[in-house]
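I have placed the structure first, in the form of structure tokens, so that the comments after it can refer back to it.
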Amino acid sequence: MDDPNIGTIVGWAFIAVLAIFVVVTLVRAVRIVPQTVALLVERLGRYHRTMDAGLHLIVPFIDRVRAGVDLREQVVSFPPQPVITSDNLVVSIDTVIYFQVTEPKSAVYEIANYITGIEQLTVTTLRNVIGSMDLEQTLTSRDQINGQLRGVLDEATGKWGIRVNRVELKSIDPPASVQGAMEQQMRAERDRRAAILTAEGVKQSQILTAEGEKQAAILRAEGAAQSAILTAEGESRAILQVFDAVHRGDADPKLLAYQYLQALPKLASTPANKVWIVPSELTGALSQFAQGFAGAFGGAVPGAEQGEPSSGRRAGESPLSAEDLPPVALTDPKEALAEARRESEAATADATSAGTFSGRPFDPVAEAGQRPRHGSVPPTPPPPAPLPTEPDAGTTPPPAQP
């Protein structure tokens, strides 16, 4: 009586197993390959095809995926490797390799592990390249070493389906003793450069100082020469102006005698003068002195009429012309006086406007306190004195009264 139930159970179990088998078969038959990944498919143990990115179908239980290969550029950093240079020094070098798989089939079937192969090939090539260089060349020839490594690795890994894009030396570490010697050498070189630069600076400083002293001496000499020239020109103009003033004034013997009398006390004022002789005929001596002085300035000759020089010029006329006097840089007295008057008027107007426009209103009380009381006469202020005027150039000031 239980046989129908057992058959039903067995039937349902078979259906379930069949459904699971179908699902597993469909799952194994459908493959989705992501971007930048390549899947190698083998059929009955033999390479069949390479699946790129996308949806693919395979035959279950006949085809299988052997390996997945990443097609992106990869970066591998290898541990430090001891390398001996041509001068028998052991240096430790770290390398970094940038490579990319171009043929997934060759990368899987041509070599068991291409990462290990690239590492060993890098070490051996690096030892061959560094072994032909000394330490200084190794430290200063990074680009040359990188180029040689890349050429050898690219040629060797081409049959593996790998392209080496770049090889870099991350660090080159010499021994500690060699580093100390290199630091001492570098310090000595820098000290030598510093000493040379200091000497060059002292040299340039001395040269510039000498040049400055030379230019200063030249400028001082030029200044002294110009000062002497200006002093001589000033004295020359002063003598000419005195000469012109004497002739314009038409000095007579009386005035010269008066000036001679004024100079006599100065002759006896020095303590060294113990004896001072006065001529007995003082009037005759003064007349002779006046005649000699007038002859020296006017060119008079004995026998000529008094007051009429032999040169033909009239009395009070200067023998010098306007061209004989050198130019003067002084301001004209009339212009200086007019400028002084203008400045005085401007100052007066400024003071008046400052008192008028001070901003405070008019206060009659303050004005009343300043006015005099009734019955008193306020004092009349004196009239302002007129400013002196410049006499004309043609007029002669009156002589001083003796």
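Charges on Cβ only, +1 for Lys and Arg, -1 for Asp and Glu, centred on the Cα centroid of segment 1-107; of Pro82, Ile62, Val27, which one is farthest towards the dipole's positive end?
Checked the options; the winner is Ile62.
Accessible area per residue, 1.4 Å probe, Å², for segment 146-255: what's the number? Don't jump to the answer; show the numbers that get you there.
Details: 7820 Å² over 110 residues.
Spelled out: the 1.4 Å probe surface of segment 146-255, per residue, equals 71 Å².
Pull out the extension gain between Arg142 and Glu183, defined as 0.36 nm times the separation in residues minus the alpha carbon to alpha carbon distance; nm, one decimal. Please report the intermediate quantities before stating the final value.
Values: separation 41, 0.36 × 41 = 14.76 nm, distance 2.03 nm.
That works out to 12.7 nm of additional length.
Could you work out the per residue convex hull volume over the alpha carbons of segment 53-166, in cubic angstrom? The partial results should precede the final answer.
Working: hull volume 11.6 nm³, N = 114.
Considering the Cα atoms of segment 53-166, their hull volume per residue is 102 Å³.
Please compute the per residue accessible area over segment 12-128 with all protein chains in place, 1.4 Å probe, rounded to a whole number of Å². Mind showing how you got there, number by number?
Values: 7020 Å² over 117 residues.
In whole numbers, segment 12-128 has 60 Å² accessible per residue.
Just to verify a number: FRET efficiency for Phe61 and Ile115, C-beta to C-beta distance, R0 = 25 Å, to 0.05? Please list the in-between numbers first.
On the way: r = 32 Å, r/R0 = 1.29.
E(calc), rounded to 0.05, equals 0.20.
Under the definition of Cα pairs under 8 Å and six or more residues apart, what whole-number percent is the relative contact order of segment 66-129?
On the way: 59 pairs, mean separation 20.7, N = 64.
Relative contact order of segment 66-129: 32 percent.
Probe radius 1.4 Å, ligands and nucleic acids ignored: give me the carbon and sulfur share of the accessible area of segment 1-118 as a rounded percent.
Numbers: 4790 of 7540 Å².
For segment 1-118, the apolar C and S fraction of the accessible surface comes to 63 percent.
Considering the dipole of segment 108-245 built from charges on the beta carbon (Lys and Arg +1, Asp and Glu -1) around the Cα centre, which of Val178, Ile145, Gln204 is farthest to its positive end?
Ile145
By accessible area of protein heavy atoms, probe 1.4 Å, what ranking do Trp12, Trp160 get, highest first?
Trp12, Trp160
The values are calculated or read from the model by the stated rules, or taken from the named source; none is laboratory data. This one's a predicted model, so the numbers in the text were calculated from it and none came from an experiment. Positions of Cβ are generated from backbone atoms using ideal geometry, with glycine treated the same way; all protein chains shown enter the neighbour counts. Note: areas computed on protein heavy atoms with side chains; ligands, DNA, RNA excluded. Shrake-Rupley method; radii C 1.70, N 1.55, O 1.52, S 1.80 Å.
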